[in-house]
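Have a look at the structure below, then the notes.
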Amino acid sequence: MLTRLKRTRHVALDMDGTIYKGGTLFDVTVPFLALLENLNVGYTFLTNNPSKNLADYIKHLREMGIHAREEQLYTSTQATIEYLQAEWPVLRRLYVLGTPSMCQEFRGAGFELVGEDPTDQPDGVVVGFDTTLSYARLCRTAWWIQQGKPYFATNPDRVCPTDQPTVLLDCGAICAALESATGVAPSAVLGKPDPAMLNGILRKNGIAAGNLAMVGDRLYTDIAMARRAGALGVLVLTGETSAAQANECQPPPDLVVPSLAEFGARLREALQEKVAV
């Protein structure tokens, strides 16, 4: 493990459950980011949550005390847009089941979004984590899927982490309801654990997968993606996954730590030892 940590040049950080939970920033986050800067290790915030666009996330992070630049963020909405542009360029008119913020991101990328008129046919359907979900729009989405329109999910997450006394049903749960109603699964599910979420980071920073650490709180998205991409998979126990679940996981994560603080300590030890040598 020490050898792999010594190769780390960049850290991809999951957000909800890793650097904060709901609206609460973890105490260890700001010191961890400062440590990365002191170690000359770059970082990118990576999230499967498409309910906010880039501007919203920058504002959200700033309000928590983190000053991030647009190029330091990558969301499943961006991954979905890039996928559709590359693989389905004929789909220009979309019915999007998502928040106004997510819809704004698609419009900004040049897509036309159709409304609720059943005669106004889209080319395809996109389903995201819609915190503004209404029964009528869920039914309209099922209708278009049933009519044979190709449909895509922004992310597979079943629930979204929260610090409130509730369960936030995420995109994966919404798609499960749609599949139960229509018998149709998404043509593609973007976001983590699709390793394409990490490819842009690798290209942008000119590094190999072995120089990247993916840090997150979920086994089936963050850690699965790291494994598929060949990056170091670091599981933090501050979000969805418990220590017992981590112990039962096969194959296991490369590294399991209670929080970012412990990962930072391990990383500092490895990189400072490298400098000393």
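The values are calculated or read from the model by the stated rules, or taken from the named source; none is laboratory data. Nothing here was measured: the structure is a model prediction, and the numbers come from that model. Neighbour counts run over all protein chains shown; Cβ positions are idealised from the backbone, glycine included. Remember, those area values only see protein heavy atoms, side chains included, never the ligands or the DNA or RNA. Shrake-Rupley method; radii C 1.70, N 1.55, O 1.52, S 1.80 Å.
Extension gain, VAL159 to ARG203: 0.36 nm times the residue separation minus the Cα-Cα distance gives 12.8 nm. Averaging the sequence gap over all C-alpha pairs within less than 8 Å and six or more residues apart, then dividing by the number of residues, gives the chain a relative contact order of 22 percent.
Run lengths n ≥ 4 of DSSP H only: what is the helix-derived mean residue ellipticity at 222 nm for the chain, with -39500 (n - 2.57) per run over all residues, to the nearest 500?
Numbers: 11 runs with 110 residues, N = 277.
The helix-only estimate for the chain comes to -11500 deg cm²/dmol at 222 nm.
For the set ARG93, ARG158, ARG203, solvent exposure ranked by accessible area (probe 1.4 Å, protein chains only) runs largest to smallest as ARG203, ARG158, ARG93. Summing Lys and Arg as +1 and Asp and Glu as -1 over all other residues whose Cβ lies under 11 Å from the Cβ of ARG158 gives a net charge of -2. Taking Cα centre as origin and charging only the Cβ of basic (Lys, Arg, +1) and acidic (Asp, Glu, -1) residues, the dipole magnitude of the stretch 11-154 rounds to 180 debye. CYS139 contributes about 60 Å² of solvent-accessible surface, heavy atoms of the protein only, 1.4 Å probe. Cα centroids of the stretch 104-153 and the stretch 198-258: 32 Å apart.
Once you order the gyration tensor axes a ≥ b ≥ c over the Cα atoms, which shape class does the stretch 145-226 get: rounded for a/c under 1.5, otherwise prolate or oblate by comparing a/b with b/c?
Values: a/c = 3.33, a/b = 1.49, b/c = 2.23.
Oblate, since a/c reaches 1.5 and b/c is not below a/b.
Structure shown: which of LYS59/LYS192; LYS21/LYS52; LYS21/LYS204 lie over 20 Å apart, alpha-carbon to alpha-carbon?
On the way: LYS59/LYS192 23 Å; LYS21/LYS52 15 Å; LYS21/LYS204 28 Å.
Checking Cα-Cα distances, LYS59/LYS192; LYS21/LYS204 exceed 20 Å.
At the residue level, PHE106 shows approximately 0 square angstrom of accessible surface with a 1.4 angstrom probe and all protein chains present. Rolling a 1.4 Å probe over the protein chains gives GLU116 an accessible area of about 90 Å². How big is D for the chain, in µm² s⁻¹ as a whole number, if Stokes-Einstein is applied with the Kirkwood radius of its Cα pairs at 20 °C and 1.002 mPa s? This corresponds to a translational diffusion coefficient of 111 µm²/s.
Among ASP56, ASP157, what's the order by accessible area (1.4 angstrom probe), most exposed first? All intermediate terms of the calculation are to be shown ahead of the outcome.
Working: ASP56 60, ASP157 10 Å².
Order by accessible area, largest first: ASP56, ASP157.
Per 0.36 nm of contour for each residue apart, how much would the distance between ARG268 and GLU37 grow if the chain were fully extended, relative to their Cα-Cα spacing?
Details: separation 231, 0.36 × 231 = 83.16 nm, distance 1.13 nm.
Stretched fully, the ARG268-GLU37 segment lengthens by 82.0 nm.
In terms of the Cα gyration tensor, with a ≥ b ≥ c the square roots of its eigenvalues, is the stretch 1-93 rounded because a/c is under 1.5, prolate because a/b exceeds b/c, or oblate? Judged from the Cα gyration tensor, the stretch 1-93 comes out oblate (a/c at least 1.5, b/c at or above a/b). Using the Cβ-Cβ distance between ASN247 and VAL167 with R0 set to 25 Å, the FRET efficiency works out to roughly 0.55. Sorting HIS10, HIS60 by solvent-accessible area of protein heavy atoms yields HIS60, HIS10, largest first, with a 1.4 Å probe. Take the Cα of VAL90, step 7 Å toward its Cβ, do the same at ASP120, and the gap between the two points is 2.4 nm.
First obtain the Kirkwood hydrodynamic radius of the stretch 216-277 from its Cα pairs, then insert it into the Stokes-Einstein equation at 37 °C and 0.692 mPa s, and state the resulting D in µm² per second as a whole number. The calculation lands on 269 µm²/s.
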